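Working notes for the structure below.
The values are calculated or read from the model by the stated rules, or taken from the named source; none is laboratory data. Values in this document were obtained by computation on a predicted structure and should not be read as measured data. Here Cβ is always computed from backbone atoms with ideal geometry, including for glycine, and neighbour counts include all displayed protein chains. Note: areas computed on protein heavy atoms with side chains; ligands, DNA, RNA excluded. Shrake-Rupley method; radii C 1.70, N 1.55, O 1.52, S 1.80 Å.
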Amino acid sequence: MSKRIDVKDLNVYYGNFRAVEGVSINIEARSVTAFIGPSGCGKSTFLRTLNRMHEVIPGAHVEGHVLLDGDDLYGPGVDPVAVRTHVGMVFQRPNPFPTMSIRDNVLAGVKLNGKKLSRSDTDGVVESSLRGANLWNEVKDRLDKPGSGLSGGQQQRLCIARAIAVKPDVILMDEPCSALDPISTLAVEDLINELKEQYTVVIVTHNMQQAARVSDKTAFFNIAGTGKPGKLIEYADTTAIFNNPKEKATEDYVSGRFG
Amino acid sequence: MTAIATPRRRTSLTRNRLPRIAPWASLVVGLVVGAAVSTLVGFNVFGWGVFAAIAFTIVYVAWSAAVEGGRKARDKFATCLVIGSFIIVVLPLFSVIWTVLEGGIKGLLTPGFLGTSMNGVSGIQDNQSVNTGSRVVGGIYHALIGTLLITLWSTIISVPVGLLTSIYLVEYSRGGRLGQAITLFVDVMTGIPSIVAGLFAAALFATIFGPGTQTGFVAAVALTVLMIPVVVRSSEEMLRIVPNELREAAYALGVRKWRTILKVVVPTAISGIASGVTLAIARVIGETAPILLTAGFATKINLNVFSNWMASLPTYIYFQILNPTSPSNPDPSLQRAWGAALVLIIFVMILNLIARLVARIFAPKTGR
């Protein structure tokens, strides 16, 4: 189920602009890794290269290698669609499909790919995914209601359920709690702790307390200035990053003396 | 709990206000002044209305300026302009509806008007009905069928073409050269005079099937030329406002692009697309010139769009007015023409209502 990610010398470009430069990082299976850093430092961009979602933006391309348990995501003949079935993603704003019920939202990854499942199988997938996302008890009586009728925090957990329904190896989360209130944030953070028993979780966050709470390892990204590429400054155990950082920039950032 | 009493007194926060009857008082003054001025130049209702509106605006705004100050006065002036423009736009609409209702209701209520064609109806019958006072025979059944069939066929052709074009523009072209060219040509197509569209279809079928090919299908092709740009434009707008997040969410689940478009993007936009299509139909259903050129004119019922001439409501109206069935007694023909016009307007209104209904039915639901 869970796979490790090894990135070697990755550069990400938007057209001619180099957004991220020379990132090498090893992410363990069954762990939570947090990316922190100032806005515009390329952490979201880098996250999106881990399932080739950056290719949705015209002109975006990469140099380097991203290995998923040794398989290069950017090797010749690799289908980005296949990559994304192995590496799922949860976005900043909850985005359930407005035309679908809660059940169909969970099944979206399965149904939209045209797979046919029996009724009992789909019920099983729906229940296990919603239980996995800590949402089952709240929505089990209204699975046929539209997903957009849920609260923001419930919608975000619905999106997580939707992501784990396709049984990925890795789940990427791009600031999953920045649009949520503290209670919903807590629910999602608890969920992340449970998810790491089965999945490799990579999370981008602006909230350093959150990174400290949920992650095993933390990567700090930074940019030298506007128009310069983002770089990975330091990557270590979360306790080391927050208590005993090696780099001056990291220390300044985590202690709030940045800029 | 004690309510906080706020006695009316002047503070730095209060301003003078017009009394509540001010608009009505100004209106009365305006009507009186308007009547007086219009009598000076020769009284008629239209002139009275115009002068009354001007007088009302002057009185109301001047009063407000004197009591309330410049800002409120400018606000009232803008309000008068907005409401005035609204009346200018709406009056002709009501006038048209009223005129057609008045002229058409008699024809529409004649028994057999909707259910019979003009087959075998000639000047003899019309003269007879005028002379003896019996009911006007003949109806619009054939034209109704023709309009429905021609519009149906042009919808069948133009909706897939238009929808697929807009999908290409929004989802695939990414602002490329071809996409820009298509947008330009669609804009140009929007401005094509309908007679040119008719000439195009007539010429196209004349080239392929020989000159004089006039059938309902040729008319449908002519209407297609007019309909496609409207469909492209409206569905393009609708597809563009589908949030990118939904596409990304689908991609992140490993869904292929075409399935994302088919199962996520189009269903999300379907209510707008459907109402856009309905409005496009309403736009072409009353076209006259291209149908005259391409479908000819029939007095018989023709259910086959691929052979022989076909009548339609607009051409029916045109010929009933221009060439009355009985040249010496045109009244029955006029009655039929007004009736057909009323039916056409009812059609367009129903289509607009359907568009709203469709938009509501397909709209994403947010129920809790």
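Output the DSSP H helices from chain B with an along-axis C-alpha extent of no less than 24 Å and a mean Kyte-Doolittle hydropathy no less than 0.0. Please report the intermediate quantities before stating the final value.
Values: long enough: B:22-41 (28 Å, 1.91); B:45-68 (33 Å, 1.68); B:70-109 (56 Å, 1.14); B:141-167 (38 Å, 1.57); B:216-240 (35 Å, 1.31); B:266-284 (26 Å, 1.43); B:331-362 (46 Å, 1.46).
In chain B, the long hydrophobic H runs are B:22-41, B:45-68, B:70-109, B:141-167, B:216-240, B:266-284, B:331-362.
What total accessible surface area, summed over both chains, is buried at the interface between chains B and A, computed with a 1.4 Å probe and given in Å² to the nearest 100? Provide the component values of the computation, followed by the final result.
Details: alone 21660 and 11940 Å², together 31180 Å².
Summing both sides, the interface buries roughly 2400 Å².
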Check your understanding: Per-residue accessible area for B:LEU164 at 1.4 Å probe radius, Å² rounded to 10?
Key -> 120
Point to revise | Spin-label model distance (nm) - A:ASN137 vs B:VAL130, 7 Å beyond Cα toward Cβ | key: 8.7
Practice item. Give A:LYS111/A:LYS231; A:LYS115/A:LYS231; A:LYS115/A:LYS145; A:LYS3/A:LYS145; A:LYS228/B:LYS263 a once-over and call out the pairs whose C-alpha atoms are over 32 Å from each other. Key: A:LYS111/A:LYS231; A:LYS115/A:LYS231; A:LYS3/A:LYS145; A:LYS228/B:LYS263
Review point. What do you reckon, how do B:LEU109, B:LEU344 stack up by accessible area (1.4 Å probe), largest on top?
Key: B:LEU109, B:LEU344
Revision key, fill the gap. Quick tally, 1.4 Å probe accessible area for B:ARG259, B:ARG356, sorted with the most first, runs B:ARG356, B:ARG259
Study note, to complete from the structure: Among B:GLY175, B:PHE297, B:ASN244, the residue whose Cα sits farthest towards the positive end of the charge dipole of chain B (+1 at Cβ of Lys and Arg, -1 at Cβ of Asp and Glu, taken about the Cα centre) is B:ASN244
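Considering only protein heavy atoms and a probe of 1.4 Å, how much of the accessible area of the range B:20-100 is carbon and sulfur, as a whole percent? Present the calculation step by step, with values, prior to reporting the outcome.
Details: 4530 of 5590 Å².
With neighbouring chains kept in place, the figure for the range B:20-100 is 81 percent.
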Practice item. Give me a single rounded figure for A:53-61: the average over its residues of other chain Cβ atoms within 10 Å of their Cβ. Key: 2
Practice item. Quick one: dipole size for chain A, taken about the Cα centre, charges +1 on Lys/Arg Cβ and -1 on Asp/Glu Cβ, in debye to the nearest 20. Key: 460
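About its Cα centre, what dipole magnitude does the protein assembly as shown give when the only charges are +1 on Lys and Arg Cβ and -1 on Asp and Glu Cβ, stated in debye to the nearest 20?
Working: 58 positive and 43 negative charges, 321 e Å.
Its charge dipole is roughly 1540 debye.
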Point to revise | Accessible area of B:GLU237 in the full protein assembly, 1.4 Å probe (Å², nearest 10) | key: 100
Practice item. Please name which of B:ALA222, B:VAL50, B:ALA282 has its Cα lying farthest along the dipole of chain B towards the positive end, using unit charges on Cβ (Lys, Arg +1; Asp, Glu -1) and the Cα centre as origin. Key: B:VAL50
Check your understanding: What figure in square angstrom, to the nearest 10, would you give for the accessible area of A:ASP72 with a 1.4 Å probe?
Key -> 40
Review point. What ranking of B:TYR251, B:TYR172, A:TYR74 comes out by heavy-atom accessible area, probe 1.4 Å, highest first?
Key: B:TYR172, A:TYR74, B:TYR251
Study note, to complete from the structure: Residues whose built amide H sits under 5 Å from the amide H of A:PHE35, excluding neighbours closer than 5 in sequence, are A:ILE203, A:VAL204, A:THR205, A:ALA219
Point to revise | Cβ-based net charge around B:LYS72, under 14 Å, with every Lys or Arg adding one and every Asp or Glu removing one | key: +3
Revision key, fill the gap. Ranking B:GLY112, A:ILE183, A:ALA108 by how far each Cα lies towards the positive end of the charge dipole of the protein assembly as shown (+1 on Lys and Arg Cβ, -1 on Asp and Glu Cβ), the top one is B:GLY112
Point to revise | Average partner coverage of A:83-91, which counts Cβ from other chains inside 10 Å | key: 3
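I need to check one value: relative contact order of the range B:141-362, counting alpha carbon pairs closer than 8 Å and at least 6 residues apart, in percent. Don't skip to the end; give the middle numbers.
On the way: 311 pairs, mean separation 65.0, N = 222.
With pairs under 8 Å counted, the relative contact order is 29 percent.
Which order do peptides A:216-228, B:65-77, A:169-181 fall in by mean Cβ count within 10 Å, highest first? Walk me through the numbers on the way to the answer.
On the way: A:216-228: 17.5, B:65-77: 14.7, A:169-181: 21.6.
Packing proxy ranking, top to bottom: A:169-181, A:216-228, B:65-77.
Starting with the highest mean, order A:2-15, A:190-203, A:32-45 by the number of other Cβ atoms within 10 Å, averaged over the residues of each peptide.
Working: A:2-15: 17.2, A:190-203: 19.9, A:32-45: 22.5.
Highest-to-lowest ranking by the protection proxy: A:32-45, A:190-203, A:2-15.
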Point to revise | 1.4 Å probe accessible area per residue over the protein assembly as shown, in Å² | key: 50
Practice item. Place a +1 charge on the Cβ of each Lys and Arg in the range A:121-187 and a -1 charge on the Cβ of each Asp and Glu, then give the dipole magnitude about the Cα centre in debye, rounded to the nearest 20. Key: 80
Practice item. Anything in chain A that counts as a DSSP H helix reaching 18 Å or more along its axis (C-alpha) with Kyte-Doolittle mean of at least 1.0? List them, would you? Key: none
Check your understanding: Just B:VAL221, B:VAL45, B:VAL90 to compare: in a GNM of chain B, with alpha carbon springs under 10 Å, which one fluctuates most?
Key -> B:VAL45
